[in-house]
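Before any comments, here is the structure.
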Amino acid sequence: MRRELLLILDELEYVTFDLAGAELLFQLLATRYETMSTIITSNLGFSDWVKVFHDRALTAAILDRITGVYKILPRSRLCMAFFHGV
């Protein structure tokens, strides 16, 4: 796989993951952790992400990778940032 500088996962909540898919996503995020930019959009609050990944421990691990060093923006601010070219 090429090392893309920016990965965008848009509207993450619209597709649910089986265990193997969630583990692959965790591996991808872990590989990118602190080295490459990732944008994830979702209408779900973090407490509802278990509905997407179906496994509490794996959901917690994914959220740990996302919230550990990434800046979290409310959806309205994220849209404004793109609109203004930030």
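What follows is calculated from the coordinates using simple rules that are stated; it is not laboratory data. Quantities reported herein were computed from a predicted structural model and do not represent experimental measurements. A quick note on method: Cβ atoms are made from the backbone with ideal geometry, for glycine too, and the neighbour counts reach across all protein chains shown.
Quick notes on this structure:
- For 16, 59, 35, order by how many other beta-carbon atoms lie within 10 Å, fewest first: 35, 16, 59
- Cβ-Cβ FRET estimate between residue 54 and residue 10, R0 fixed at 25 Å, reported to 0.05: 0.75
- Per-residue 3J(HN,Hα) values for the stretch 43-54, derived from phi via the Karplus relation 6.51 cos²θ - 1.76 cosθ + 1.60 with θ = phi - 60°, read 8, 8, x, 4, 5, 9, 5, 4, 5, 8, 9, 6 Hz in sequence order (x marks Gly and Pro).
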